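Notes for the one structure printed next.
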Amino acid sequence: MDAAACVHMEARGDVCVITIDNPPINATSLAVRQGLMAAIFDFKTNSDFQAAVIVGAGSTFVAGADIREFGKPMQEPILPEVIRAIEDCGKPVVAALHGAALGGGFELALACDARVADAKTVVGLPEVSLGIIPGAGGTQMLPRRVGVSRAIRMICGAQRISAKEAKSLNLLDEVVASDVLDAAVALARRMQGKKCRIRDEAVPAEGPALIQQAAEDAMRAGKRRPAVEAAMEAIKSAAVLSIDDGLADERAVFLQLRLSREAYALRHVFFAERDSAKLPSELSATPIPVETVCVIGAGTMGTGIAISVLDAGMQVILLEQDAAALQRGQDRVIAHYRDRVAAQKMKADVAQAREACLHSTLDWADMAKADLVIEAVFEDLAVKQEVFKKIDQFARAGAVLATNTSYLDVDAIAQATSRPQDVLGLHFFSPANVMKLLEVVRGKDSRPDVLATGMALGKRLRKLPVLAGNHFGFIGNRIYNAYRNQCEFMLEDGAWPEDVDASLKQFGMAMGPFAVADLSGLDIAWRMRQAQAASRAPGVRYVDILDRLCEAGHLGRKTGAGYYTYVDGKQQPTTDEAVRHIIEDASQRRGIQRQPLNSATIQRRALLTIVNEAARLMGEGVASRATDIDVVLVHGYGFPRWEGGPVFWARQQNREALTQEIKDLASQCGDGFVLADLSVLFEDQ
Ligand code: 3H9
């Protein structure tokens, strides 16, 4: 789009309305910056105008810089030049905000002399979530209005705040229920030609203890990532440097971080998240409207799903076969909302309205009111098939039928009904009302509109829906299985659980695999292993340490011991000599002379395994886009977002060396490691 098409001017009497029209989010791309420069010049030199208003066309103000431009050379005019032109134009400019005013969009608004917003507007400087710092004055202007400590919390925490909060912080002049443009034009006139530039204000004085506390909190919450630290330093400097020196320093850091590997990785995840929510074109269809959801099973998973659906404003029928279990589930949902109210995270009337949409029942006939049924019962094929037989009997014709299985065969479940075309998998992650990932599993008969309904539901629940093929473990658990196997190989080869966990945490994983296993309970994996024992191919390397631990009563934290011991119920694990004996015995039985493994080796072996499995499941069509795998691993399995996910990680390596390393690892691991063709990971780059 050219500059003239992106930015229009229109006279409202003596006020010039400058509209930014660059769908979908009015990003400050080159054409917008050029258009704004020209518009500001016209406004400045036209004596018919005493003031201007900047507004966004469509559903939002300006939600930021165009981050697709960040990997390319910067083209002038840059946003700081546009901002300087607004500040120096000699006449007042008012920003009329609606939708989102984020990043460069909020910086643009802060450069104006006043800001009016409608009540639903959100504002913020979330740049650190993209591995950069604000690059057009945010770190210098925000503290001038809210103080250093508050600016640290907002910018380093990538906070997006409501118009109401922004008004209370003096970041907005007016929040209106009426037309925001009319209100901004009226305010522009009332300013009677007076400029009111934030750049001319002083940073309010604050005690060093407040700043120190905000800085420590921000660094901890921001995992000490480089952008968080750099943003903090830039904000602190606002109190000691002149505005121009502060802006120059901010810009230099922004330009440097923009090209960092971490910023590339975070941009990659940003776009991967948006792509993964789209079905491939051959499956595109109109979703079936859903207003009432029946959740079968009132356990932890079922109630988590119910809360998630209630939070999206839908009706929930919570169905159980056991009255006591139903009561417990209902109590859990109500306790959740009471806790939210007590923690002042939700208003009492909102909580009441949500609770009123929950209909608990023991009567299967109530299911007939549901547009979508989600089964969340015990993870056992026969049990789920029985449940689906009953669903088939009671669900209305045309209802979408979903199983929340995490690894079972969706087709085998669908075959229990007379309508497998209406069945799909909706794999929620626990806790279902918190975790953002949702695998939408395509059965062989699932109709496109049924899949589209699953994806639309995911978006409505504010989750990240990812399409997955119906193969054991789908995308996430399939890769996690391979990763965990590799970690177990490393135990047999010479590492201890604490070596593996510490090395992978050091890489950035949220938790180490053995700490995760202890937390979720070793018996779950044990049961699955027993179920698969008959189908295990002979000769495949199988590490039986977990089985031995379970036989010895080490079922994880719940029994006070798993891979680690948890003394007196404490959360902090300690090394357990009995576990070491079991591991040493496993090595001995396989004839392995144990050798310690260093951190780099552990990380590399784990990553190579994840990448190989990712390529295998791409080859088998389990994932439809390689980048979907990154979304799944980042959001469901604690893979560090700043590493971009395993596919992004693989693409940063030398391809030939990576292929060779995986081959070497395969021969080292034996028959348990099936080599993949890595080229599938590099195709849609
Ligand atoms: C910045 O501003 C740096 C500054 O300091 C300036 C320095 C000089 N660029 O999320 P959605 C696309 S850094 C390019 O699905 P929603 C997105 O890919 C930036 N494209 O919609 C999608 O495209 P497609 C700071 C962008 O309604 C479409 O827009 N700003 C950008 O659920 C719709 O997006 C941020 O970090 C972008 N900046 O949510 C805000 N943003 O349809 C980032 C979005 O082809 N954006 N797209 O898949 C958001 O948080 C959400 O997009 C928003 C809308 C809340 C605005």
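The values are calculated or read from the model by the stated rules, or taken from the named source; none is laboratory data. Please read these numbers as outputs of a predicted model, since none were measured by experiment. Note: ideal-geometry Cβ built from the backbone for every residue, glycine included; neighbour counts use all protein chains shown.
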Flagged pairs (Cβ under 6 angstrom, 6 or more apart or on separate chains; first in segment 73-99, farther than 28 Å from Ala163 by Cβ; second within 12 Å of the ligand (Cβ to nearest atom)) are Gln75/Leu30; Pro77/Arg33
For residues in segment 611-630 being assigned to a helix (DSSP H, G or I) and touching a Gly at 6+ places or on another chain (Cβ under 7 Å), which is surrounded by the most Cβ atoms within 10 Å (Cβ to Cβ)? Ile629
Using the structure shown, decide if Thr601 is free of Cβ contacts under 8 Å to residues at least 24 places away in the same chain and either among the aliphatic types (A, V, I, L, M) or part of a helix (DSSP H, G or I) (or both). yes
Looking only at residues in segment 405-437 that are in contact with a His (Cβ under 6 Å, 6 or more places away or on another chain) and either part of a loop (DSSP other than H, G, I, E, B) or modelled with pLDDT under 95 (or both), which one is surrounded by the fewest Cβ atoms within 10 Å (Cβ to Cβ)? Lys436
Every residue from segment 574-593 that is under 11 Å from Glu498 (Cβ atoms), outside any loop (DSSP other than H, G, I, E, B) and out of contact with any Ser or Thr (no Cβ under 7 Å at 6 or more places or on another chain): Val579, Arg580
What is the one condition in (1) touching a helix residue (DSSP H, G or I) at 6+ places or on another chain (Cβ under 8 Å); (2) closer than 20 Å to Pro431 by Cα; (3) small (Gly, Ala, Ser) that Ala395 does not satisfy? (2)
Give just the number: which of (1) closer than 20 Å to Thr300 by Cβ; (2) surrounded by 18 or more Cβ atoms within 10 Å (Cβ to Cβ); (3) over 26 Å from the mean Cα position of the chain (by Cα) does Asp380 not satisfy? (2)
Filter segment 61-91 down to the residues that are among the β-branched types (Val, Ile, Thr) and over 17 Å from Ala5 (Cα atoms), then identify the one that is farthest from the chain's Cα centre (by Cα). Ile86
The condition of being without any contact (Cβ under 8 Å) to a residue 24 or more places away in the chain and either in a helix (DSSP H, G or I) or in contact with a strand residue (DSSP E or B) (Cβ under 8 Å, 6 or more places away or on another chain) (or both) holds, among Ala186, Ala218, only for Ala186
Are any residues in segment 126-150 near the ligand (Cβ under 7 Å from one of its atoms) and touching a helix residue (DSSP H, G or I) at 6+ places or on another chain (Cβ under 6 Å), and if so, which ones? Leu130, Ile132, Pro134, Gly135, Ala136, Gly138
Hits in segment 36-54 (condition: more than 16 Å from the ligand (Cβ to nearest atom) and either closer than 20 Å to Leu110 by Cβ or among the charged types (D, E, K, R) (or both)): Ala39, Ile40, Asp42, Phe43, Lys44, Asp48, Ala51, Ala52, Val53
Could you list all residues from segment 351-395 that are at pLDDT 95 or above and among the aromatic types (Phe, Trp, Tyr)? Trp364, Phe388, Phe394
For segment 34-79, what are the residues that are assigned to a loop (DSSP other than H, G, I, E, B), touching a strand residue (DSSP E or B) at 6+ places or on another chain (Cβ under 6 Å) and farther than 13 Å from Ala136 by Cα? Phe49, Ala57, Thr60, Phe61, Val62, Ala63
Answer yes or no: is there a residue in segment 438-457 that is within 18 Å of Ala376 (Cβ to Cβ) and modelled with pLDDT under 95. no
Segment 626-648 residues that are within 14 Å of Ala615 (Cα to Cα), paired with ones that are acidic (Asp, Glu) and in a helix (DSSP H, G or I) (beta carbon under 8 Å, 6 or more apart): Thr627/Asp275; Asp628/Asp275; Gly645/Asp630; Pro646/Asp630; Val647/Asp630; Phe648/Asp630
In this structure, does Leu608 turn out to be closer than 17 Å to Asn481 by Cα and either modelled with pLDDT of 95 or more or surrounded by fewer than 17 Cβ atoms within 10 Å (Cβ to Cβ) (or both)? yes
Qualifying positions in segment 80-111 - within 9 Å of the ligand (Cβ to nearest atom) and in a strand (DSSP E or B): Ala100, Leu102
Quick check: anything in segment 673-685 in the same structural domain as Phe489 (by TED's automatic domain parsing), assigned to a helix (DSSP H, G or I) and closer than 28 Å to Gln595 by Cα? no
